[in-house]
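Report on one structure; see the data block that follows.
The values are calculated or read from the model by the stated rules, or taken from the named source; none is laboratory data. Given the structure is predicted, the values throughout are model-derived calculations rather than measurements. Every residue, glycine among them, receives a Cβ derived from its backbone with ideal geometry; neighbour counts consider all protein chains shown. The accessibility values were calculated without ligands, DNA or RNA, using every heavy atom of the protein model including side chains. Shrake-Rupley method; radii C 1.70, N 1.55, O 1.52, S 1.80 Å.
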Amino acid sequence: MAAVELEWIPETLYNTAISAVVDNYIRSRRDIRSLPENIQFDVYYKLYQQGRLCQLGSEFCELEVFAKVLRALDKRHLLHHCFQALMDHGVKVASVLAYSFSRRCSYIAESDAAVKEKAIQVGFVLGGFLSDAGWYSDAEKVFLSCLQLCALHDEMLHWFRAVECCVRLLHVRNGNCKYHLGEETFKLAQTYMDKLSKHGQQANRAALYGELCALLFAKSHYDEAYKWCVEAMKEITAGLPVKVVVDVLRQASKACVVKREFKKAEQLIKHAVYLARDHFGSKHPKYSDTLLDYGFYLLNVDNICQSVAIYQAALDIRQSVFGGKNIHVATAHEDLAYSSYVHQYSSGKFDNALFHAERAIGIITHILPEDHLLLASSKRVKALILEEIAIDCHNKETEQRLLQEAHDLHLSSLQLAKKAFGEFNVQTAKHYGNLGRLYQSMRKFKEAEEMHIKAIQIKEQLLGQEDYEVALSVGHLASLYNYDMNQYENAEKLYLRSIAIGKKLFGEGYSGLEYDYRGLIKLYNSIGNYEKVFEYHNVLSNWNRLRDRQYSVTDALEDVNSSPQSTEEVVQSFLKSQNAEGPSC
């Protein structure tokens, strides 16, 4: 019994010893570096807790010291805290470490293969940490240096290393929106894969194909993204790292969502969430990654309330792990801003959505250039929110100011999208559609019509006649014709088309139907067709009853506490469904 009561004493003595070492940090600095990595890290973490960031920065900026600290794997979440605090404090530790590693690689170019292999392994760990922390440019520099070392030896081991390096490099280039360079990286990886194949060797392609799927998805090449997600799923085998499996399932789910394959998407993302929490824990960044994609699925299947809750949970994890001005925190703020905007659209209460949109923009502009593509979506979300606030504003001067700010944000987003993707792209079309809505609010009706028609034409050519995105733009043009241009016949046709697509994709209880139904009631009132007015009042009442029953009980997080299938069963179920359908377009 006495032993149980004294269990706390060693921990207390340990903390006291760590504090004593920190108190004598100046004299003990060299001795600290000879301690085991876990103890050495605890000394540094105490420096962080005491706010001694200049001293901590001087330690972490030394490559040998930081490489050793990275070996304390169970302290990784605490290391993220320290690292982010240094970056926020103005200590450019990420770029210093990347530069130091690059210099070291150039020094050892003439050394033997074993020295280079050791450096490559250090680079993978360092680059992996920088990538996980969201410092993509610095991680890219590290992986490029590793790739250069791999290229110095034309032998099998280094071909395998080069493939792994390309996968990591493709990931950080995707994260940093360097899609053209990402495509080149994929081609280089294939070159090394071909070399291995000619020598009877195979490297698993799941991670590589998953990253290509992410690249194509970001560029709105949805058919291609879907095709490659199928190929990635085929490569999932026993013994593959859980991180790779989770990432492939996530990407495949997103590809299914935009192809409106919702049942497949649900199965994939729920299993990814379950796997991530089971393997990494509920406070891990990888779990938050899966939650963001789960939120994306929920938002797209019209379970908006639950998507907000899931996005909030993801943001909470990322703030806990990273905090500060971190790109991962910014993207979570943006996703929560948009889902909150959609959720509160009918209530007009946009304070929470605006807060998160402004936080996202504030973080991104602090750490990235003003013309970075990541700003396009954040600015778009803020512009949408400002427009709705302006419409509800009773002060004309304030309304005009907000609409002009929204206009400037939308134009900036459009220019960034056109620069990155060109005119003929879904993202560009979305920005045209957003401008169309804004011009309607600004009472520039011809300009609004022009923007909506542009958006519809691009979306129809890229996505087909009956896609959700097409329905959105068709509904917006119908609203313009109905409320502001008195083109009732055209408006009626467009409303009915939007309703048909919405019902086909999401069912009778789809939230977007409300605006089309209300539009038709107004339209039929305007032309004196009161029989139709009565009909659509009844339709709207039935819709309200459906909405009250829909998603009233289900807790999306509780829904992923367990998985009814193994990973192998999930993969096989997905692939069998592909075989049954035949090849995708």
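Side notes on the structure shown:
- Loop GluC sites (Glu not before Pro), region 429-536 (other Cβ atoms within 10 Å of the site Cβ: 14 or fewer; DSSP): GLU466, GLU508
- Ranking ASN176, PHE262, LEU147 by Cα position along the charge dipole of the chain, where only Lys, Arg, Asp and Glu carry charges on their C-beta atoms, puts LEU147 farthest toward the positive end.
- Loop GluC sites (Glu not before Pro), region 232-280 (other Cβ atoms within 10 Å of the site Cβ: 16 or fewer; DSSP): none
- Of the GluC sites (Glu not before Pro) found in region 48-144, the ones in coil according to DSSP and having at most 10 other Cβ atoms within 10 Å of their Cβ are GLU110.
- Helix-only mean residue ellipticity at 222 nm for the chain, each DSSP H run of n ≥ 4 adding -39500 (n - 2.57), per residue, nearest 500: -25500 deg cm²/dmol
- Note on ASN486 and LYS187: their simple-model spin labels are 5.8 nm apart, each label 7 Å out from Cα toward Cβ.
- Options SER19, LEU438, VAL125, ranked by Cα towards positive dipole end of the chain, top entry (Cβ charges): VAL125
- Region 1-152, accessible area per residue, ligands and nucleic acids excluded (1.4 Å, Å²): 50 Å²
- Here the label points at ARG30 and GLN404, each 7 Å from Cα along the C-beta direction, are separated by 6.5 nm in the simple model.
- Anisotropy class of region 204-302 from Cα gyration tensor, a/c 1.5 cut: oblate
- Think of the chain as a dipole: +1 on every Lys or Arg Cβ, -1 on every Asp or Glu Cβ, centred on the Cα centre; then among ASN425, ALA203, TYR483, ALA203 lies furthest on the positive end.
- If R0 is taken as 45 Å, the Cβ-Cβ distance between THR12 and SER577 corresponds to a FRET efficiency of 0.20.
- ASN544 paired with GLN121, simple spin-label distance in nm, labels 7 Å along Cα-to-beta-carbon: 6.8 nm
- Gap separating the Cα centres of region 385-426 and region 106-138, nearest whole Å: 43 Å
- The fraction of accessible area contributed by carbon and sulfur in the chain is 52 percent, rounded to a whole number (1.4 Å probe; ligands and nucleic acids excluded).
- Check: region 13-200 dipole with +1 on Lys, Arg Cβ and -1 on Asp, Glu Cβ, in debye: 240 debye
- The charge dipole of the chain, taken about its Cα centre with unit charges on the Cβ of Lys, Arg, Asp and Glu (plus for the first two, minus for the last two), comes to roughly 700 debye.
- If R0 equals 51 Å, the separation of the Cβ atoms of GLN201 and CYS54 corresponds to a calculated FRET efficiency of about 0.55.
- Å² of accessible area per residue within region 204-302, as computed with a 1.4 Å probe and no ligands counted: 33 Å²
- Remark: the ILE39-HIS77 segment gains 12.1 nm on full extension, using 0.36 nm per residue and subtracting the alpha carbon distance.
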